[in-house]
1. Can you flag which of LYS218/LYS275; LYS215/LYS274; LYS194/LYS274; LYS194/LYS337; LYS275/LYS301; LYS274/LYS337 are past 24 Å Cα-Cα?
2. Cut-off is 10 Å between beta-carbons; in what order do ASP99, ASP46 appear when sorted fewest neighbours first?
3. Quick one: if the Förster radius is 25 Å, what FRET efficiency do PHE32 and ASP139 give, using the C-beta to C-beta distance and rounding to 0.05?
4. Take GLU325, project a point 7 Å from its Cα along the Cβ direction, then tell me which residues of segment 255-273 have their backbone nitrogen under 20 Å from it.
5. Fully extended, how many nm does the chain gain between PHE291 and ARG122 (0.36 nm per residue separation, minus their Cα-Cα distance)?
6. With 10 angstrom as the radius, rank TRP167, TRP283, TRP192 by how many other C-beta atoms surround their C-beta, starting from the fewest.
Amino acid sequence: MHRSFSKGSLTLEAAFTLSFFLLAMISWILLFIPYQVQSMAQHALDQSCLALADKISLTHTLAGKEGGLTRFAEALTIKKINIPIPEALREMGGNFALDIGGRQEFRRFFGSGKGLPRTMHRVDYSIHLDDDRDLLYADLSYLLDLPGLLKPLGPLVVHQASTAGLWLLTDEPVFGQNEENDEEKEKEDSVWKKPPFTRGRILVERFCQQSPAEKLKKGQIADLFYVDGTVEAILSLNLFSATYSSGTGMVATNYTVQEEAVLHALVAQAKRLKKAANGRSDWISEDGTSFSRIPSGMRLKVILPEEANRFSAQLTALAKRIEREEGVSVSYAYEEKALVEE
């Protein structure tokens, strides 16, 4: 009797374990269905964003601003739109055409044009254009029913997004126009508020144009070659960034320079200049022609914010140390204010 009860218990446990295992396996397999739908949706979102960005770029470039909206609408196979001249209406019409075009592109790419699955509900596709950065953003949200045994756990709220860049050959915005106050604000913005790479390119080009020296092609570390044989590399350094100083506010007296951090940055650049210049005689000028001249000296020109002039004594001491230890002279130039209101 006892042995029969044990066999019954084992059978019951095995049945329960097998059922649980099968249930888990089926649920795990069913998860692939919503995953497949999301993958298809993301693919369609990415492709529609890219396709629309290409169409906008092409029509905007070809049209210039004249009749741009009409040609844009025609390129999206939308019925011809006649928008009055006022820029506000042009922008409204442009955004309307953009939204319709985006939805058409998305449905075309989703599942090879077979339409949306029945498991997707409240599908909301939106697209908008950032004229300042020439970027196109597409967003998709929907409710996704879960299949089979997982259905009571749903629906699943899904949000997906995609971004594409525009290859515009004009500086004009795609829709609307640059407001005068925006243009003035752009002019007033300090170069030190721009990203480091952009800031560096602007300042290097500015100082190269001001110099009578021979301008060197980018990628040679050195930027200028003087008639006395001195090669010079230009480096911009925001002394008021958290990397090189501590303090806050709009006044230079509130800041304390981190000398070791500044020294490390300048020494690293000086070593790069030495490595590029020592023993080298073949150089390429800005126009692509090559010439042979052995450098007789190396100089690092450091461009700093105007307010950094307050720390000139500390900076001069660092320059003397670098020249003594690395054999590279250092000079400073002060350009524009960095401590300005946003």
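Every number in this text was worked out from the coordinates using simple rules, so none of it is lab data. The model shown is predicted, which means the values in this text are computed figures rather than measured ones. Cβ placement follows ideal geometry from the backbone for every residue including glycine, while neighbour counts extend to all protein chains displayed.
1. Going by Cα-Cα distance, LYS194/LYS274; LYS274/LYS337 fall outside the 24 Å limit.
2. So the residues, fewest neighbours to most, are ASP99, ASP46.
3. 0.50
4. Within reach of a label on GLU325, which here means backbone N under 20 Å from a point 7 Å along Cα→Cβ, segment 255-273 contributes 257-273.
5. Here the answer is 54.2 nm.
6. In increasing order of surrounding Cβ atoms, one gets TRP167, TRP283, TRP192.
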